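Right, one structure below, let's go through it.
Read-outs throughout are calculated quantities, based only on the coordinates presented, and are distinct from any laboratory measurement. Given the structure is predicted, the values throughout are model-derived calculations rather than measurements. Here the Cβ is made from the backbone with ideal geometry for all residues, glycine too, and neighbour counts use every protein chain on show.
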Amino acid sequence: MDARQAITDDRTAQFLSRIEAARNLPSLPQVLLKLIEACRNEEKTVRDIAQIIGGDSALSARILGIVNSPFYRRAEKIVRMDDALFQLGRDTVRSIAISASIHQVFSRVNGRSLFNMKLYWHHALLCAVLARRLAEKASYKAPELAFLSGILHDVGRLVLWVNFPDEYGKVLQAARNRSDALLEGELRMGITHTEAGSWLLTRWGLDAFTADAARYHHEPLDRIHSSFPLIKMIYAANILADMPDSDFSRYEVIRELFGLSVTDIAEMLSAARVEVLEIAEALDIQIDTDDRRHQPLDGKDKAKEDALTGEVRDVALLQAAMQGLLEAPDRDGIRRAARQGIEVLFGTPAILLFLLDRHRELLILQDIAGSRLPPGEELTIPMGRNESLPVKAMAQKTILGTPERRNQGALTIMDEKLVHVLGSEEVLCLPLVTQKEAIGVFVIGAERAAVASIAAQSNLLTLYADQVAMSLRLDQMRRAQARLYQAGRLAASSALARKVAHEVNNPLSIIKNYLKILGMKLGADNMVKDELRIVNEEIDRVALIIRQLTDLTSEKDRARQAVDVNGLLRDLSTIIEKSFSPASRIRFHLDLDPALPGLVTDRNGLKQVLINLLKNAIEAMKQGGNLYVRTKCLVTRDLEEMAVKREGKAEQYVEISLRDDGPGIPEAVRQRLFEPYVTTKEEGHSGLGLSVVHSIVKDLGGTIQCESAEGKGTTFVICFPLNRVTKTT
């Protein structure tokens, strides 16, 4: 240690001794000291902490008042301290209690002259909010500690003002609230506010990290690089909180420490300023946001600042909106994200999204928000000889609105309909253009006073609409490519199937002949003859399937007849149960509705569906288990009570459910369960068979649903409408 450092340390120690001797140092309330210790002790329960807070009625009232304030937006009022702690968490309660207590401790400080308490608290709260947001960005495990450290980082300034008003007043007057000049003046005085603050926080019993954050938040940047994360957060938050909007040069420091973009930083700073106002109101702290530290800008500079600030804001909003488009998994997700992006960017909750049909003859409503359109009512706009605004906007590839048309007396009936549907005074039509081709249009509702401000952002509107159009076009190309790929694979499979069919039909014919001979040798009453009948039917079905496989890409004509569903399931259970080995330990349970009507359908198609599902269930239960098969006749009101939406107008339905005790289907497989060539047979219910099942059920006019959870088995439910009913015995 050199002589200069020794003299500095000695002068600092003298000042700290003077502070202790003056007895003018506020102390934290005893209950708060107990609370700090309890929150730090992991063995203390929520009930223990609630009892400590309950010992101070003023502190209890403050915390309950804050948890019920608009800032936390609770749906129900919280009246018990235990509930408040469960809602907020012990770290948040500690931050609130310390913040409120420190404000109370220093509430009598005279801040009307050189030391402005309202400005002090605005800077402290802003630094706290920014520190917490930086902690969340950096995945720091204790964001509330960052918030508390931000609140307390400048507490040394209060200590120096309270104890040395004359000496420190001269420093403040000379510095004019410039941080660098303030530190230089404090050093000449003999003690800095960082040293005084760190000393006080240690004296109060707060953790060493909080004290260090207060001590080092004005250190040179090269020293901060090698410091602990909390020190970096408070250092960066202090820079941001002390930075005017136009000084974007300081962003480089934050980017260097945390890797954030200018847009991220500007967005975070903007949101933090709003949050500070809410926190100050919740804590009942008066703040002042106008520090008048910087000379007023002239008109030219002010215009540049406003333009730059607006540009940063627009880029930040646009980036957030586009992120939703990039993360959308499919066409429906893109539509929702597109509509939400318009709401975020321009604050217009009344929006219609129209897209062209594939023949480019109609604009079809795809998504809707905040409209008066009755549920179920369709809204389409024909192209061709149509003078409505949406069609004109697409043709001209430019934004058009009702104000100009209204002034010319040229609103069409369709334009007036759109104004009414959106419940607004005016509408703006924003075309979606990609590769110089319009594919749809946003119809945005707005009040007359807001139209000009929205239209003034035409560049931003157009840029966003182009991104929406590009996202929709890319999704369209992905789906078209998937269809071509699937068609190619099916065509290749058909060619292979034709070769296989020729070879397989010969042995099948031989087997059928031998079965016929075997049946003739058996007596008429022999029970085996019924089993031979089932086997013979299955051979015929195999032959039919092979014939159908010769052209997978063509539509199949299905022969429909009255099918005894219960009888079909009994036949299948007989043949399947006899194929079990004793080691399989699979138990078959039938629960068949005796009053089930006959179902007019394709018997072979239904049999194929049931065999696939039964076979998959058996394969899924490698360790054995139960297989439950149930039939039931439902009427329309049963479906309504089950909140199941079915298409069709039939009043009765046949329901077939198959449930197993298997391992269940993983979420990743379940999302694509019925897609062709999605196969992971080790998972049980998967493979090409389920895509065939889905296709057949849909072709027969039915629906199929799957319910499954890993470790809890799988249930398939098939439902067919009874368009024609034939009673069976």
Residues with amide H under 5 Å of Asn626's amide H, sequence separation 5 or more or different chain, H placed in the peptide plane at 1.01 Å from N; which?
Arg587, Asp661
Label-point separation in nm, Arg80 to Leu532, each point 7 Å along Cα→Cβ:
7.7 nm
Which one of Leu230, Met189, Leu125 has its Cα pushed farthest toward the positive end of the charge dipole of the range 113-292, where Lys and Arg give +1 and Asp and Glu give -1 at the Cβ?
Met189
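What FRET efficiency comes out for the pair Thr715/Gln671, r = Cβ-Cβ distance, R0 = 22 Å, nearest 0.05?
0.80
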Could you line up Lys516, Lys607 from fewest to most neighbouring Cβ atoms inside 10 Å?
Lys516, Lys607
Note, the range 452-469: 3J(HN,Hα) by Karplus (6.51, -1.76, 1.60, θ = phi - 60°), whole Hz, Gly/Pro = x, goes 4, 5, 5, 4, 5, 9, 4, 4, 5, 4, 5, 4, 5, 4, 4, 5, 4, 4
Per-peptide average of other Cβ atoms within 10 Å, ordering 474-480, 123-129 highest first:
123-129, 474-480
Scalar couplings 3J(HN,Hα) for the range 179-184 by Karplus 6.51 cos²θ - 1.76 cosθ + 1.60 (θ = phi - 60°), nearest whole Hz, x for Gly and Pro, are 4, 5, 5, 5, 5, 4
Under-5 Å amide H pairs with Leu432, H placed in peptide plane, nonlocal only
Ile439, Gly440, Val441, Phe442
How do Glu425, Glu195 line up, fewest other C-beta atoms within 10 Å first?
Glu425, Glu195
Quick one: net charge of His218's neighbours, Cβ under 12 Å, K/R +1, D/E -1?
-4
Likely footprinting exposure, Met189, Met81, fewest C-beta neighbours within 10 Å first
Met189, Met81
Neighbourhood net charge (13 Å Cβ-Cβ; Lys/Arg +1, Asp/Glu -1) for Glu426
-2
